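Chemist: Shown below is the structure under consideration.
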Amino acid sequence: MTAEMWGILAARVAGSLPVLRWAFAGAVIAILVDLSDLFLRAYLTLGGVRNYQSFDKWCDQVYLACFLLAALRWDGPARAIAVALYAFRMVGFALFELTGERWVLFLFPNVFEFWFLFAAFTRHWWKSFSWRRGPTAAALAAATAAKLAHEYALHIGRWFDAFTARDVVEWLLSPFG
């Protein structure tokens, strides 16, 4: 691994740890740090990142494991679904590592990530959420649909492969300029 990859991994590990204390806020931090790879790769010149997709998926395992540890403290459907979705994504991760094919990540979308955000949100801000079958199924369906769209954009359409850190900053600042 290059020094650049070690630096990115260190940032990803540090960004994952807050979820162990603050489930929802920590998850948001972990996801934002995951997105920071674009900037870190643009501004660090310490040997580059080899095989970015595989490296990124390995780094993801840190925050996903932290999400799982936090979810194991829950009970009921939130916990059971989180564990099942984590296992599902691990199958996809293993198949991706074996094949190197990004479409595998679309077939095994990381719904666990979106489910965790939803469940952590309900535990903190929407305590009256009814974990009955209908509302839970609707929440899971919404998380699945959103994550499938996200995985499609990333791994099938590859809409963001050509984006640079500068492109993102310019897009974010465009309403103000």
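Chemist: For the range 2-102, compute Rg over Rh where Rg is the Cα radius of gyration and Rh is the Kirkwood radius from the inverse mean 1/r over Cα pairs.
Modeler: Values: Rg = 14.6 Å, Rh = 14.4 Å.
Ratio value, two decimals: 1.01.
Chemist: For every helix of n ≥ 4 consecutive DSSP H residues, a contribution of -39,500 (n - 2.57) applies; sum these over the chain, divide by its total residues, and give [θ] at 222 nm rounded to the nearest 500 deg cm²/dmol. Show your work: numbers first, answer last.
Modeler: Numbers: 9 runs with 126 residues, N = 177.
After summing the helix terms and dividing by residue count, I get -23000 deg cm²/dmol.
Chemist: Right, another one. Taking the number of other C-beta atoms within 10 Å as the exposure measure, put Leu72, Leu9, Leu85 in order starting with the fewest.
Modeler: Working: Leu72 12, Leu9 15, Leu85 25.
By the 10 Å Cβ count, ascending: Leu72, Leu9, Leu85.
Chemist: Might you report the magnitude of the Cβ-based charge dipole of the chain about its Cα centre, with Lys and Arg at +1 and Asp and Glu at -1, to the nearest 20 debye? Could you put the intermediate results ahead of the total?
Modeler: Numbers: 16 positive and 13 negative charges, 137 e Å.
It works out to roughly 660 debye.
Chemist: Among residues other than Asn110 whose Cβ falls under 9 Å from its Cβ, what is the net charge (Lys/Arg +1, Asp/Glu -1)? The partial results should precede the final answer.
Modeler: Working: positive: Arg89, Lys147; negative: Asp60, Glu113, Glu151.
Charge balance in the 9 Å sphere: -1.
Chemist: Is any helix in the chain, taking whole DSSP H runs, at least 15 angstrom long along its axis by alpha carbon and on average at least -0.5 on the Kyte-Doolittle scale, and which ones? Can you show the working numbers first?
Modeler: Details: long enough: 3-16 (20 Å, 0.79); 23-35 (18 Å, 2.39); 52-71 (28 Å, 0.47); 76-99 (35 Å, 1.19); 111-125 (21 Å, 0.79); 133-151 (26 Å, 0.28).
Sorted by number, the helices that extend far enough and score high enough are 3-16, 23-35, 52-71, 76-99, 111-125, 133-151.
Chemist: Across all directions of projection, what mean area in square nanometres is found for the Cα convex hull of the chain? Let's see the in-between values first.
Modeler: Details: hull surface 44.9 nm².
With every direction weighted equally, the projected area is 11.2 nm².
Chemist: Have a look at Gly92, Ala153, Ala70 and report the one farthest towards the positive end of the charge dipole of the chain, computed about the Cα centre with Cβ charges (Lys/Arg +1, Asp/Glu -1).
Modeler: Among Gly92, Ala153, Ala70, the one farthest towards the positive end of the dipole of the chain is Ala70.
Chemist: So, one more: So what is the relative contact order for the range 1-125, in percent, with contacts set as C-alpha pairs under 8 Å and at least six apart?
Modeler: Numbers: 124 pairs, mean separation 31.5, N = 125.
Relative contact order here is 25 percent.
Chemist: Charges on Cβ only, +1 for Lys and Arg, -1 for Asp and Glu, centred on the Cα centroid of the range 3-163; of Pro109, Ile8, Trp22, which one is farthest towards the dipole's positive end?
Modeler: Sorting the options by dipole projection puts first Trp22.
Every number in this text was worked out from the coordinates using simple rules, so none of it is lab data. On a predicted model such as this, the values are computed, not experimentally measured, just so you know. Cβ sites come from the backbone with ideal geometry, for glycine too, and all protein chains shown count toward neighbours.
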